[in-house]
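The block underneath contains the structure these notes are about, expressed in structure tokens.
Readers should treat all values here as calculations from the given coordinates under stated rules, not as data from a laboratory. Only a predicted model underlies this, so the values are computations on that prediction, with no experimental measurement involved. Ideal geometry is used to build each Cβ from the backbone, glycine not excepted, and the neighbour counts take in all protein chains shown.
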Amino acid sequence: MASPPSSLLVAIVACSLLACAVAYIRPPPSRPLYVPHANSIDYLLPEQVHISLVGADRMRIKWTTEDDGPSVVEYGSQYSLKATGSSDDYSYLLFYRSPHIHDVVIGPLSPSTVYDYRLGMNSARNFSFKTPPNSLPFKFAVVGDLGQTVSSGSTLDHLAAADYDVLLLPGDLSYAGVEQPLWDSFGRLVEPLASSRPWMVTQGEYETERIPLIHPKKFVAYNMRWRMPYDADPATSSGSNLFYSFDVAGGAIHVIMLGSYADYDTGSPQQSWLAADLARMEQQRPQWVVAVMHAPWYNTNDAHHLEFEEMRVALEAMLYEARVDVVFSGHVHAYERFERVFNGSSDLCGPVHITIGDGGNVEGLVTDFLLPHPAISLFREASFGHGRFEVANATHALWTWHRNDDDVAVAADQVWITSLASDLNCQRKRFSKLTIFSHKEDLGSIDIVVTCEKEDIFQFGLILLEIVTGKLPGSNTQLDYLRAKVNTGGGPLEEDTVMILCTMAAFEAKA
Ligand SMILES: *[C@@H]1O[C@H](CO)[C@@H](O)[C@H](O)[C@H]1NC(C)=O
Ligand SMILES: *[C@@H]1O[C@H](CO)[C@@H](O)[C@H](O)[C@H]1NC(C)=O
Ligand SMILES: *[C@@H]1O[C@H](CO)[C@@H](O)[C@H](O)[C@H]1NC(C)=O
């Protein structure tokens, strides 16, 4: 779709505005890169190995075999430790049946430690991974819309040279769609990196893979192949592989993985889970908060411009009140970095939004940026590459965008970001001790009014039905209490049920 003359013009105009030196002719979409099966006669040879974090000290190992074999991981010194799991497979339309997809969680593991491991009692291939540190500093690699092209291969080569602890992928992995064998090829393509460091992903549009009537179920391949730790702690399970959170660096960094293709409206499981997650987070008090999602809320590229406004309106205030530091997204096949923003404008307590959808997808780059260049967009360029987010300590993190092809003689984008948790002007709201102001029994539900006071106990519950904000008589602050109708099923009012009201108060209250 790229038309060289107009994109060249855009590049020249953009460059003259950005004071960059040389107009660069964007490469066309690059060739698909298909990684064939190892062509072994060993039908139990492990392939497509990748790992992901589960809680503070466990790791999920996933791999495939052509025939079904033992779902066993042997690991550690002399492979003396052992864990078992399960395997499953799926079919897609009439033509495709997946290999056997194994899933085993191992641990507890020590931080910053290299573990050797082998799979399915098969010593024909041995692997190793390094666990992330349980304190700062901590290094993320970030790559979106990776796909499997020559450009993806280049991105992976650059990533291989990076020293990182965990990789974040904001969706669009294999671009398989109806060509399901591409999932297998993708698994083999990323294996060298994804078997040695945890890859934490969220879904993109390509992962949906729904065809009305003939394959109505969404995310079948994605959920089975790239299972994330949404239920690492059953008590806080999000109930869906499409959105979850995890902590790293001993709790210093909280990472929220949102689902652009799961419902996000008021009352949706995702929004309720996010409210509970942010409340729990407040109890942990991380030094950094990172959110990852596929479709950007801030984007000055013509491609997908304002496409996810509804999601932004539904969830942005929650992330803002929780003082999320950085939001990474993909979807747009280019790189862009914004200043701190909230609700469309510059805001010193808002997150830095970064689009890193330039991993190497098969559709090529999107080169048409909106003009004039909006002031909140600080850097934008359509080139393939990846990012590194290196959290140095409680206050400082270094973000760097690496181009695959250094087409101009300047360093790629780099900026120090300081944490909002360390900014006294941007303290998170903390409410928690509650007082039941009044309550009235009413056929299995209770009408209650609560006020929340600042303290450090936070609990959560998800039985909330309806919230009405109000003003306490004789007071002039905007929000003093919440009134909620809570379905108690006829039983007594549980403390957990009331606690969520204070959680919600944290999001409703405005500075
Ligand atoms: C894997 O490790 C085992 C035990 O140390 C060894 O016997 C085997 O040769 C190794 N296999 C490969 C492919 O390196
Ligand atoms: C966001 O801005 C719009 C107008 O641009 C305004 O109507 C709305 O109330 C604002 N929302 C928040 C949460 O500040
Ligand atoms: C945090 O890291 C930054 C950047 O390396 C450094 O300038 C600062 O002194 C560090 N802060 C502390 C408390 O070590």
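Want the number for ASP67 to ASP302: 0.36 nm per residue separation, take away the alpha-carbon distance, what's left?
Values: separation 235, 0.36 × 235 = 84.60 nm, distance 4.66 nm.
Between ASP67 and ASP302, full extension yields 79.9 nm more.
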Inset, instruction - Residues in region 155-179, backbone N under 17 Å from the label point at ILE211 (7 Å along the Cα-to-beta-carbon vector): list them, ranges by number please. - result: 175-179
Legend entry - Members of LYS139/LYS218; LYS82/LYS217; LYS62/LYS218; LYS82/LYS139 lying beyond 31 Å, as alpha-carbon distances in this model show: LYS139/LYS218; LYS82/LYS217
Legend entry - Pairwise label distance in nanometres, GLU310 with PHE379, each label 7 Å out on the Cα-Cβ vector: 3.4
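If you rank TYR96, TYR175, TYR320 by fewest surrounding Cβ atoms within 10 Å, what's the result? Kindly include the intermediate steps, with their values, before the conclusion.
Details: TYR96 16, TYR175 23, TYR320 19.
Lowest to highest Cβ neighbour count: TYR96, TYR320, TYR175.
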Legend entry - Model label zone, ASN425; criterion: amide N under 15 Å from point 7 Å along Cα-to-beta-carbon; scope region 325-351: 340-342, 346-351
Legend entry - Per-residue Cβ neighbour rank within 10 angstrom, fewest leading, GLU390, GLU381: GLU390, GLU381
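Between ILE41 and LYS130, what is 0.36 nm times their sequence separation minus the Cα-Cα distance? Round to one decimal in nm.
Values: separation 89, 0.36 × 89 = 32.04 nm, distance 3.04 nm.
Gain on stretching ILE41 to LYS130: 29.0 nm.
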Inset, instruction - Sticking with the crude label model, points 7 Å out along Cα→Cβ, report the distance from ASP347 to THR236 in nm, one decimal please. - result: 2.4
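How much length, in nm to one decimal, is gained on full extension between TYR79 and ARG97, taken as 0.36 nm per residue of separation minus their Cα-Cα distance? Don't skip to the end; give the middle numbers.
On the way: separation 18, 0.36 × 18 = 6.48 nm, distance 3.19 nm.
In short, 3.3 nm is gained.
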